[in-house]
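The values are calculated or read from the model by the stated rules, or taken from the named source; none is laboratory data. Please read all numbers here as calculations on a predicted model, not as lab measurements. Here the Cβ positions follow ideal geometry from the backbone for every residue, glycine too, while neighbour counts run over all protein chains shown.
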Amino acid sequence: MSPSTGFASGSDSGGTPGSGGTTGSGGTTGSGDVATSRRPGPAAPLFASVLGNFALLLVITLGGFAYASVGSSARDQLITEMLISVVLVVGLQVFMGNTGVLSFGHLGFASIGAYTASLLAIPEVRKHVLLPDAPFGIGNIEVPVFSATIIGIAVTFVVALIVGVVVARTNGLAATMITLALLFMVDSVARNWTDLTGGAGNLGSIPRLEGRVWVLVCAAITISIAAAFRFSPIGRMAQASREDDLAARAMGVNSSMVRFVALVLSAGIVGLGGALRSQSLGTIGPSQFSFDFTIIVIAMLVVGGMQTVSGAIVGTAIITFGKEFFRFLGDGPQWLGIDWPQVEGLPDFFLAAVLLAVLLTRPAGLLGAFDAGDLVLRIVRRRRMKSTALLTPSAQPVRAPRAPLGDDSLVAHGLGVTFGGFVAVDAVTITVAPGEIRGLIGPNGAGKTTFVNLVTGLVEPSHGEVRLGERRVGTTPTRVARGGVARTFQNLRVFGGLSVRENIAIAGLVARRHRRHRPAIDADALLAASGLTAFADHPARALDYGNQRRLEIARAAALRPDFLLLDEPTSGMSDTESAAMVSHIRGIAEMVGAGVLVIDHDLGFITTICDHVTVLDQGRILAEGTPAEVKTDPAVVAAYLGSHA
Amino acid sequence: MTEILQNLADGLGAGSTYALFAVGVSLIFGVMHLVNFAHGELLTLGAYLAYWMLLREFGWWVVVPAVIGAAVLGSMSIEFVAFRRIRGANPFTLLLTSFALEVLSHAVWKVFVSSKRKPFATPEWAFESFAIGSVRFEWWNIVAFGVAVLSFAVTAFVLRRTMFGLAVRAAAEDFDAARLMGVKANRVISGAFAFAGLLAGIASSLILMRKGGAEPRMGADPLLKAVIAAVIGGLGSLPGAVAGGLALGVTEVFVRDLLPEDLGGLTDGLVFAVIALLFIVRPQGLFNVETAERV
């Protein structure tokens with residue numbers, strides 16, 4: 001495994017050598033950085049986002065009124081339609097935007113919410129005519145619209161709880177395919193369970209919504225929920241899993257659980273959207289929640305940018321008004337003094353063309369990671385900045401106080417794994433004492449990374465176990481991380497789209513729940529010690545190679561671990577940088593009071609940093625001892641150092 | 001027993017066309033991790049070409065090569081115009097782009113031709129049948145199956161015995177390593193699209209001889225079936241795609257046969273339920289390609 005991954009990380013670094021631990025030497029000037037030392041309270045981004053997106057919704061609604069006032073009567077329904085689409089799209093954003101999983105199934109949830117609410121609310125007299133054989137005694141009850149809608153949402157929740165268990169276990173394409181299957185199953189049932197749904201045709205007599213106030217209120221509630229979720233711990237963990245699922249799990253994030261919560265929440269909102277849709281139309285039918293409409297809803301989200309609520313709102317507006325305009329144009333009107341020819345399919349053409357153009361040129365959507373809340377925050381900050389401009393931040397690395405060491409040793413006992421017939425790691429026993437810095441060294445292919453993967457639950461061991469003192473460490477990456485063993489990756493795995501501060505904060509979230517018995521670590525101090533203060537608000541992927549390495553170590557340290565497992569922290573670095581890394585790792589380890597198992601193939605680096613060294617070759621321990629002992633061991637010299645000496 | 005044999009015989013033709021599309025989907029997934037939902041639009045392209053040519057009294061023996069040629073060119077141009085620009089993007093973007101292309105294709109036919117079905121004459125033999133014992137065989141099913149088997153034999157030969165096949169298999173295994181070994185990315189991806197187009201063209205010709213009409217959205221359904229077939233067989237696995245396609249075609253006939261008359265519409269829903277069940281049992285197993293991620 002080592003040779004190819006080693007190469008991969010080497011090529012990752014490309015022509016961007018690390019900046020060697022210099023603090024704030026990057027091209028980040030300007031007042032933005034100063035503000036990081038005087039940020040508003042933790043709830044500020046949420047309030048800003050809700051405020052900003054309310055404003056955005058209002059502007060777009062008013063714009064819609066202006067547009068509708070110059071058009072024909074067909075435009076009257078347009079604003080209601082758009083607001084309902086906002087509910088659906090923002091609801092979808094809660095799941096897709098935060099988890100990064102493409103879902104085709106959400107209109108299935110909308111359909112369930114809509115049918116439940118509609119079937120309950122249709123007047124009893126009409127039901128006897130429309131659905132004479134209705135099951136569950138539905139034919140004899142009539143529920144007020146409001147209660148019916150609430151029940152509709154509740155039923156959607158229940159279905160989502162079941163579906164969520166399946167979807168959340170998977171990720172990526174597999175999850176997408178399950179959601180697609182869900183859509184077709186719901187559609188199939190709606191079309192064929194004629195006794196309950198009236199079949200493929202439309203079912204009328206649904207009490208209609210009067211006015212737009214209710215829809216506007218629902219849209220506002222939806223926006224608030226979506227914004228709240230985005231800044232909630234679970235929402236942020238979902239975003240970490242979206243950026244890099246494996247790294248998120250290795251930081252103690254239970255990514256299945258966060259996906260599950262996101263799915264259920266978003267399904268409930270979309271269920272509400274579905275109910276509103278049939279209430280505004282006064283009819284319900286399977287064709288209202290078809291695959292075609294699914295594509296439209298997804299297009300709305302993707303065109304605007306699915307990462308933020310603002311993206312969802314803007315995309316909804318663009319597609320709604322754009323489609324309406326091209327429908328108008330396709331009807332062959334007289335407009336601007338020209339007789340337009342009658343063309344069918346223009347709205348679809350517009351939809352596909354916009355979606356394709358955005359995907360090919362701006363895959364993150366028109367707004368990308370921008371949220372209206374950012375604008376609000378910026379305005380507020382600029383105001384504050386005037387009064388606090390004289391405050392200078394402490395840009396110098398802070399010597400943080402030493403944290404006390406943990407009590408237990410990390411013991412890998414007889415740990416090994418076999419791939420096919422190949423013994424990658426063969427019954428390795430290593431003990432790392434609290435606070436000890438232990439080196440694990442060996443030539444390429446010795447099984448070093450596999451060993452780390454075994455300890456951290458990424459690879460299931462064929463035999464052996466890992467303990468912290470007497471406790472067995474869990475067998476999944478999430479449990480291992482929560483248990484106190486944090487790791488870094490040989491091929492960098494930062495949460496690229498999240499800010500540097502957020503990368504560390506994610507680990508802090510997990511630590512606050514699962515590592516309470518360890519002393520808290522101040523994120524600002526950790527940033528400062530890593531020389532990352534100046535980049536705190538930059539997306540992690542914008543960092544250079546060396547800084548990304550230090551960020552990964554800082555992120556692992558923020559977990560308040562008992563042990564840090566560092567997989568080739570100096571891979572791809574120059575000698576000077578490696579030397580700087582030595583003192584950096586020592587400093588961080590002292591700061592959190594953790595023992596360290598550091599893996600490398602660079603003997604010079606290992607001998608300067610470690611108290612003890614274990615030499616691994618072909619999956620077995622070749623030698624163990626102080627750096628000096630190991631260096632003179634004949635077996636080591638023959639197997640490993642021979643080529644170097 | 002007769003009934004089982006009869007269902008098998010009836011499902012063979014549809015299953016073969018699913019398999020032909022599915023192999024293309026799987027092949028493209030192998031080289032660029034894209035589930036290409038635009039692949040089915042090659043059928044629509046072929047259908048309108050066939051309509052145009054048959055209207056001008058060309059025989060099917062000219063139409064078939066033209067349809068196949070159009071599918072190859074169409075597949076290659078889709079890659080050249082759209083997917084080449086976003087190669088290496090995440091599967092999410094790739095998948096959605098192919099969807100956008102599908103919707104665009106639907107719209108283009110609607111805008112420039114019509115949303116109404118354009119009928120054309122099918123060859124006479126496509127609906128004729130013969131009996132062995134008490135089992136009726138439709139000629140179309142037999143021909144479709146035969147052509148598919150032949151196509152798969154050629155595919156297997158190309159992939160196993162030619163430089164192009166070696167390059168495709170290497171790229172599917174590890175694209176970066178393959179490039180380091182001198183495999184040209186453009187050529188192998190373009191070639192995979194061309195080959196997938198060829199198989200799609202063959203499948204289209206078979207479907208058109210039976211369908212006898214062109215509609216803007218006719219490509220969506222066969223493609224969905226093909227994707228399901230490829231997923232069942234494990235994306236990236238060509239024998240899996242063949243097995244998945246045939247299994248799906250036959251299963252559909254069986255389900256339709258088992259369901260009472262008035263629930264016939266549930267066929268698709270049931271098929272999807274089976275697939276969802278598959279994922280519940282083996283969530284990772286069906287997507288081996290993804291779990292092979294390196295750390």
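Results for (1) at pLDDT 90 or above; (2) surrounded by fewer than 23 Cβ atoms within 10 Å (Cβ to Cβ); (3) touching a strand residue (DSSP E or B) at 6+ places or on another chain (Cβ under 8 Å), shown as yes or no for each residue.
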site	(1), (2), (3)
B:172	no, no, no
B:177	no, yes, no
B:196	yes, no, no
B:203	yes, no, no
B:216	yes, no, no
B:240	no, yes, no
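Residues that are of a type in the set (Ser, Thr, Tyr), touching a residue at least 40 places away in the same chain (Cβ under 8 Å) and under 30 Å from residue A:61 (Cβ atoms): list the helices (runs of 4 or more DSSP H) wholly contained in the range A:87-174 that include at least 2 such residues.
Numbers: elements: A:106-121, A:124-130, A:145-169.
Output list reads A:106-121, A:145-169.
Out of the range A:341-358, which residues are within 7 Å of chain B (Cβ to nearest Cβ) and either in a loop (DSSP other than H, G, I, E, B) or polar (S, T, N, Q) (or both)? If you could, list the steps in order and put the result at the bottom.
Of the residues in the range A:341-358, the ones within 7 Å of chain B (Cβ to nearest Cβ) are A:343-346, A:348-349, A:351-353, A:355-356.
Selection gives A:343, A:344, A:345.
Out of B:125, B:140, I need the residue that is modelled with pLDDT under 85, in a helix (DSSP H, G or I) and touching a helix residue (DSSP H, G or I) at 6+ places or on another chain (Cβ under 6 Å). Which one? Quick ask: steps written out before the conclusion?
Details: B:140 fails: modelled with pLDDT under 85.
Selected residue: B:125, the only one of B:125, B:140 that is modelled with pLDDT under 85, in a helix (DSSP H, G or I) and touching a helix residue (DSSP H, G or I) at 6+ places or on another chain (Cβ under 6 Å).
So, in the range A:359-376, how many residues would count as being part of a helix (DSSP H, G or I) and either free of Cβ contacts under 8 Å to residues at least 60 places away in the same chain or within 14 Å of chain B (Cβ to nearest Cβ) (or both)? Break it down into steps so the answer makes sense when it comes.
Within the range A:359-376, the first condition is being part of a helix (DSSP H, G or I), and the residues that meet it are A:359-361, A:372-376.
After this cut, where a residue has to be either free of Cβ contacts under 8 Å to residues at least 60 places away in the same chain or within 14 Å of chain B (Cβ to nearest Cβ) (or both) as well, the list is A:359-361.
Looking only at that region, the number is 3.
Taking only the range A:181-193 into account, find how many residues are more than 8 Å from chain B (Cβ to nearest Cβ) and either among the hydroxyl-bearing types (Ser, Thr, Tyr) or buried (at least 22 other Cβ atoms within 10 Å of the Cβ) (or both).
Counting residues in the range A:181-193 that are more than 8 Å from chain B (Cβ to nearest Cβ) and either among the hydroxyl-bearing types (Ser, Thr, Tyr) or buried (at least 22 other Cβ atoms within 10 Å of the Cβ) (or both) gives 3.
Out of all the residues in the range A:194-208, which are touching a residue at least 24 places away in the same chain (Cβ under 8 Å), out of contact with any Asp or Glu (no Cβ under 7 Å at 6 or more places or on another chain) and surrounded by fewer than 20 Cβ atoms within 10 Å (Cβ to Cβ)?
Going residue by residue through the range A:194-208, those that are touching a residue at least 24 places away in the same chain (Cβ under 8 Å) are A:195-198, A:200-208.
In the following step, the residues that additionally are out of contact with any Asp or Glu (no Cβ under 7 Å at 6 or more places or on another chain) were identified as A:196-198, A:200-208.
Hits for the range A:194-208 are A:196, A:200, A:201, A:202, A:204, A:205, A:207, A:208.
Could you tell me whether residue A:587 is more than 14 Å from chain B (Cβ to nearest Cβ) and at positive phi?
Values: more than 14 Å from chain B (Cβ to nearest Cβ): yes; at positive phi: no.
No.
Being in a loop (DSSP other than H, G, I, E, B), under 23 Å from residue A:343 (Cα atoms), out of contact with any Phe, Trp or Tyr (no Cβ under 9 Å at 6 or more places or on another chain) and at the interface with another protein chain (Cβ under 10 Å from one of its Cβ atoms) is the filter here, so list the residues in the range B:77-118 that pass it.
Of the residues in the range B:77-118, the ones in a loop (DSSP other than H, G, I, E, B) are B:82, B:87-90, B:113-117.
In the following step, the residues that additionally are under 23 Å from residue A:343 (Cα atoms) were identified as B:113-117.
Retained after the next criterion (residues that are out of contact with any Phe, Trp or Tyr (no Cβ under 9 Å at 6 or more places or on another chain)): B:114, B:116-117.
The answer is B:114, B:116.
Among the residues of the range A:608-627, which ones are among the polar types (S, T, N, Q), touching a strand residue (DSSP E or B) at 6+ places or on another chain (Cβ under 7 Å) and in contact (Cβ under 8 Å) with a residue 24 or more places away in the chain? Full working, then the answer.
Step one: of the range A:608-627, the residues among the polar types (S, T, N, Q) are A:608, A:614, A:618, A:626.
Of the ones still in play, those that are also touching a strand residue (DSSP E or B) at 6+ places or on another chain (Cβ under 7 Å) are A:614, A:626.
Across the range A:608-627, the qualifying residue is only A:614.
For the range A:578-598, give me the residue count where each residue is in contact with a strand residue (DSSP E or B) (Cβ under 6 Å, 6 or more places away or on another chain) and either without any contact (Cβ under 8 Å) to a residue 24 or more places away in the chain or part of a helix (DSSP H, G or I) (or both). Steps first, please.
Initially, the range A:578-598 is screened for residues in contact with a strand residue (DSSP E or B) (Cβ under 6 Å, 6 or more places away or on another chain), giving A:589, A:594-598.
Right, trim to either without any contact (Cβ under 8 Å) to a residue 24 or more places away in the chain or part of a helix (DSSP H, G or I) (or both) and you get A:589.
Matching residues across the range A:578-598 total 1.
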